[in-house]
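Peer 1: Please read through the structure below; I'll follow up with questions.
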Amino acid sequence: MSFTSLLNKVCDIEISLQEQSLTTGEVKRAWQPFYKGIKCRLRTRSSAEKITGFSQYKHSTHVLYLEFLNIEEKTSRIIIEGKIYHITGQLNMGGGHEYLCLYLEVKE
């Protein structure tokens, strides 16, 4: 069984941009599509994983697996089936930038 055969969902990845209003000068955060239609696999993290996991990933509620992409976790978010997930960490899997594991937290 190949890695890609396990990817059973599709996600979009958006990046955050700072936009300034020409009339008021107010700076707002806007989201822009960066990658669209990326095959992925999403799973919920168990409570045992949250206790024994790395401290920076303890608050993540889900894990997302996908083929490797360059993603800046602080300025990116994931959208799957209309739900928004913020990236709390990432792990390069398989060596050589083949696969990526993203730790996510649901934001509503």
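The values are calculated or read from the model by the stated rules, or taken from the named source; none is laboratory data. Everything numeric here is computed off the predicted structure, so don't read it as measured data. Methodologically, a virtual Cβ is constructed for each residue, glycine included, from the backbone with ideal geometry; neighbour enumeration extends over all protein chains shown. SASA here: full protein model, heavy atoms, side chains in, ligands and nucleic acids out. Shrake-Rupley method; radii C 1.70, N 1.55, O 1.52, S 1.80 Å.
Peer 1: Would you please give the residues with an amide H less than 5 Å from that of Thr61, counting only those at least 5 places away or on a separate chain, with H modeled from the backbone geometry?
Peer 2: Placed amide hydrogens put Leu104, Glu105, Val106 under 5 Å from Thr61.
Peer 1: Still on this structure, I have one more. Just how much of Leu6 is accessible, in Å², when a 1.4 Å probe is used and the result is rounded to the nearest 10?
Peer 2: Accessible surface of Leu6 is approximately 70 Å².
Peer 1: In what order, largest first, do His59, His97 sit by accessible area if the probe radius is 1.4 Å? Write out the running numbers ahead of the final one.
Peer 2: Details: His59 140, His97 115 Å².
The ordering from most to least exposed comes out as His59, His97.
Peer 1: Can you give the FRET efficiency for Ile79 and Thr23, using 1/(1 + (r/R0)^6), R0 = 30 Å, r = Cβ-Cβ distance, to the nearest 0.05? Please list the in-between numbers first.
Peer 2: On the way: r = 30 Å, r/R0 = 0.99.
Plugging the Cβ-Cβ distance into 1/(1 + (r/R0)^6) gives 0.50.
Peer 1: In 5 Å bins starting at zero, report the fraction of Cα pairs in the chain per bin as a rounded %.
Peer 2: Reading the bins upward from 0: 2, 12, 20, 23, 18, 12, 6, 4, 2, 1, 0, 0.
Peer 1: Largest first, how would Ile78, Ile38 line up by accessible area (1.4 Å probe)?
Peer 2: Per-residue accessible area, sorted high to low, gives Ile38, Ile78.
Peer 1: Count the lysine pairs in the chain that are 8 or more places apart or on different chains: how many have C-alpha atoms under 26 angstrom apart?
Peer 2: The result is 29.
Peer 1: If you don't mind, another one. For Ser5, Ser60, give the ranking by accessible area with the largest first, probe 1.4 Å.
Peer 2: On the way: Ser5 75, Ser60 0 Å².
Putting Ser5, Ser60 in descending order of accessible area: Ser5, Ser60.
Peer 1: Based on the Cβ-Cβ distance from His86 to Val10, what FRET efficiency comes out when R0 is 22 Å, to the nearest 0.05? The partial results should precede the final answer.
Peer 2: Working: r = 19 Å, r/R0 = 0.85.
Calculated value: 0.75.
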